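To start, the structure itself, in structure tokens.
The values are calculated or read from the model by the stated rules, or taken from the named source; none is laboratory data. Since the model is a prediction, treat every value here as computed from it, not as a measurement. Glycine gets a Cβ as well: all are built from the backbone with ideal geometry, and neighbour counts include every protein chain shown. Just so you know, the surface numbers come from the protein's heavy atoms only, side chains and all, with ligands and any DNA or RNA stripped out. Shrake-Rupley method; radii C 1.70, N 1.55, O 1.52, S 1.80 Å.
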Amino acid sequence: MTDDTPAARAEAVRDRYRSTLGAVPEGVQERLRLAQDFGRLPTEEAIAALRHIVLTDSPLGGRVQQLVHFGQLLALGRAHPARIHARGALHAGAGVADLIGVAETALITAGVPAYALGTEIVAELLADGGAGGGVRPPGA
């Protein structure tokens, strides 16, 4: 028998984020808390299910899908979610060179601000070891 309590259902949503991003973003944690407190968990479950389908059942595969998300978010100037998807791309097997390539593409499609944001995120990942992923420049 499955545990269908709100807490178990919220944990299942968290597990979906962990599988695609390697972690549960703080904003998701907050949304889940509110959803549980106000009986709106089906909304978060639906969002997580759709995200899971798009990110894991895509013909692009998880790595490319995360890189696409990273690039789109750079173009939109959305720093926080771009950081989440940069880490998600690393979690899905992308390398730092892939992230730099996406930032360079964003330079062409969205200008210097998008490129600057991308390189800022890559530099942060290098400084913190990729959030535990051991990210290092070549030859380091």
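Consider region 25-66. How many of its residues are crowded, with 17+ Cβ neighbours inside 10 Å, of a type in the set (A, V, I, L, M) and out of contact with any Gly (no Cβ under 8 Å at 6 or more places or on another chain)?
Qualifying residue count, region 25-66: 5.
Go through region 96-122 and report how many residues are under 22 Å from THR20 (Cα atoms) and open to solvent by less than 70 Å² (accessible area, probe 1.4 Å). Give the steps one after another, and end with the answer.
Step one: list which residues in region 96-122 are under 22 Å from THR20 (Cα atoms), which gives 96-103, 118, 121-122.
Imposing the further condition that a residue be open to solvent by less than 70 Å² (accessible area, probe 1.4 Å) reduces the set to 96, 98-103, 118, 121-122.
The qualifying residues number 10.
Here are some residues: GLY93, GLY129. Which one is at pLDDT 95 or above, within 16 Å of ALA23 (Cα to Cα) and surrounded by fewer than 16 Cβ atoms within 10 Å (Cβ to Cβ)?
Numbers: GLY129 fails: at pLDDT 95 or above.
The unique qualifying residue is GLY93.
Go over the candidates GLY88, GLY101 one by one and state the one that is in a helix (DSSP H, G or I) and closer than 30 Å to THR5 by Cα. Working first, answer last.
Values: GLY101 fails: closer than 30 Å to THR5 by Cα.
From the options GLY88, GLY101, the qualifying one is GLY88.
Considering each of THR5, THR20 in turn, give the residue that is touching a Leu at 6+ places or on another chain (Cβ under 6 Å) and open to solvent by less than 80 Å² (accessible area, probe 1.4 Å).
Working: THR5 fails: touching a Leu at 6+ places or on another chain (Cβ under 6 Å).
Result of the check over THR5, THR20: THR20.
Could you go through region 27-38 and let me know if any residue there is over 12 Å from the mean Cα position of the chain (by Cα) and either among the aromatic types (Phe, Trp, Tyr) or part of a loop (DSSP other than H, G, I, E, B) (or both).
yes
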